[in-house]
Amino acid sequence: MLLPTNEKGFGFWTLRRSGVSNSGIAQQMGISRQAVSHALRAMDEKVESTLREMASANQIAIEKVNAGRGILLGQSIPFAAAAIIFVSQKHGVQVWYEHEGDCGTCPRYTECIELLWDYSGELGIRITRTADPTKMAEELFFKVKEMV
């Protein structure tokens with residue numbers, strides 16, 4: 001299942017995840033609070049379904065799911081490593097595995113740093129800026145796990 005990030009409901013979901021109340025969303029959008037609640041329930045179901053499908057496709061045993069935050073924590077069966085699946089407004093659904101990377105030689109170095117900064121910003125989490133994406137990911141995902 002693709003997550004419909006261009007739907008109005010996804011916009012409501014990202015606002016709620018950033019701390020805006022249902023009433024605040026309704027007021028911003030000029031609609032009823034009930035309409036917002038209905039859209040958010042439907043979007044939570046889509047987010048959870050997407051997270052669970054990604055876990056299944058990547059052979060990740062699920063430990064915790066928080067659809068409201070768009071986070072799934074689990075354990076990769078083939079890699080025997082902790083895994084996190086998360087929804088990023090800018091980057092879509094991402095699967096990350098706990099590992100010690102050799103970031104200096106990786107062609108995705110800049111992309112990883114950008115993703116980590118963007119995602120931490122979406123969640124309102126402050127992380128330490130370093131030249132090592134692995135360290136940034138460790139700090140971010142430690143804080144994300146506390147949220148779930």
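Only the coordinates and a few stated rules stand behind these numbers; no lab work does. Since this is a predicted model, take the numbers as computed values, not measurements. A quick note on method: Cβ atoms are made from the backbone with ideal geometry, for glycine too, and the neighbour counts reach across all protein chains shown.
So here's what we get for this one:
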{"quantity": "Size of electric dipole in the stretch 1-139: Cβ of Lys, Arg +1 and of Asp, Glu -1, about Cα centre, debye, nearest 20", "calculated": "660 debye"}
{"quantity": "Protection proxy ranking of 93-102, 134-143 - average other beta-carbon atoms within 10 Å, highest first", "calculated": "134-143, 93-102"}
{"quantity": "Expected 222 nm ellipticity per residue - DSSP helices of 4 or more, -39500 (n - 2.57), all of the chain, to 500", "calculated": "-16000 deg cm²/dmol"}
{"quantity": "Part-to-part distance (alpha-carbon centres) for the stretch 1-43 and the stretch 108-141, which is given in Å", "calculated": "26 Å"}
{"quantity": "R0 of 35 Å, Cβ-Cβ distance A35-F142: FRET efficiency to nearest 0.05", "calculated": "0.45"}
{"quantity": "Angle in degrees between helix 133-147 and the longest Cα principal axis of the chain, rounded to the nearest 10", "calculated": "40 degrees"}
{"quantity": "Solvent-free Debye scattering, log10 I(q)/I(0), computed from the Cα coordinates of the stretch 9-86 at q = 0.13, 0.21 Å⁻¹", "calculated": "-0.45, -0.82"}
